[in-house]
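Student: Please find one structure pasted underneath; my questions will follow.
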Amino acid sequence: MRLITHVDLGVIAAHPKAFLGYSDTTVIGFGCLRAGLVSFYGPTIMSGFAENGGPLPHMVASLRRTLFTTAPVGVVEPSHEGWTVERLDWSDPQNQFRRRPLRPSSGPRVLRGNGIARGHLVGGCADTLETLKGTAWWPPLDYWRDALLFLETSEEAPSPALMTCWLRNYAAQGILQVLNGILFARPGGHRLSVTDHAAYDAAILQALDEAGLTALPVLSNLDFGHTDPIFTLPYGVQAEIDCECAQLRIVESATS
């Protein structure tokens, strides 16, 4: 967010490029949105492309489908190869050829909702979004209308209680009330156990209950953000939550 005062969005709009990243670069994704461009929430050079042992196939396949075709992305499959949040020291040459062991994936979970919820994708790292609120790049309320808000937490593993507090702010702004659905990733942080994940789901539902949003569709345990492998989400592109199939579909091209 320290870049906001130094970036000319007019130049970005006039010379569009495919911008890709996650975590802190959530802010730049919102800058691209304000410039009228689609950008991409996905892997970075070190975390993803240059990962120890090489990039994971699920990440590569998602990136190719999202950035290198003009067809709708379609169904976002869970990582059948499994997932990990293990950290390896990039400075240790011995780790360059070590593949991290993967845990089996249970796939997406529908926390609540029925039928199909459709909307444009907007969101990012929940921790970083807190630094963006109230700035020139924070979208007006109308932009959030009918959106699917995607959220994930960083390797710092902010607590479930913080997630509830952050979502209370979205409700105070009127954002939660105009959304069509929420997508929540597998919580980040190598210090968390799998049994901790359910507490984040409960924290989201608590904030929605407090706002009277007892029917808003929520799809959880998705493969994006601070977990590996990750799929790539295009900002501003239409997607669907299918509550009956526990499935996310991106129904519009990200590059046309």
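Student: When a/c is below 1.5 the answer is rounded, else prolate if a/b is larger than b/c, else oblate, so apply that to the range 139-253 with a ≥ b ≥ c taken from the square roots of the Cα gyration tensor eigenvalues.
Tutor: oblate
Student: Students often check this: by mean Cβ neighbours within 10 Å, which of 70-78, 203-211 ranks highest, and how do the rest follow?
Tutor: 203-211, 70-78
Student: Still on this structure, please answer the following. Tell me the per residue accessible area of the chain using a 1.4 Å probe; a whole number in Å² is fine.
Tutor: About 44 Å² of surface per residue is accessible.
Student: Right, next: Using only helices, what value at 222 nm comes out for the chain when you add -39,500 (n - 2.57) per DSSP H run of length 4 or more and divide by the total residues, to the nearest 500 deg cm²/dmol?
Tutor: -7000 deg cm²/dmol
Student: Continuing with the same structure: Just ARG65, ARG34, ARG103 to compare: in a GNM of the chain, with alpha carbon springs under 10 Å, which one fluctuates most?
Tutor: It is ARG103.
Student: Among the DSSP beta bridges whose two residues both lie in the chain, what percent are antiparallel, rounded to the nearest 5?
Tutor: 55 percent
Student: Order of 129-142, 106-119 by packing, highest average Cβ count within 10 Å first?
Tutor: Averaged packing, sorted descending, gives the order 106-119, 129-142.
Student: Around ILE250, with a cut-off of 14 angstrom between Cβ atoms, what is the net charge of the other residues, counting Lys and Arg +1 and Asp and Glu -1?
Tutor: Residues near ILE250 contribute -1 overall.
The values are calculated or read from the model by the stated rules, or taken from the named source; none is laboratory data. Please read these numbers as outputs of a predicted model, since none were measured by experiment. Every residue, glycine among them, receives a Cβ derived from its backbone with ideal geometry; neighbour counts consider all protein chains shown. Please note that ligands, DNA and RNA were not included when accessible areas were found on the heavy atoms of the full protein model with its side chains. Shrake-Rupley method; radii C 1.70, N 1.55, O 1.52, S 1.80 Å.
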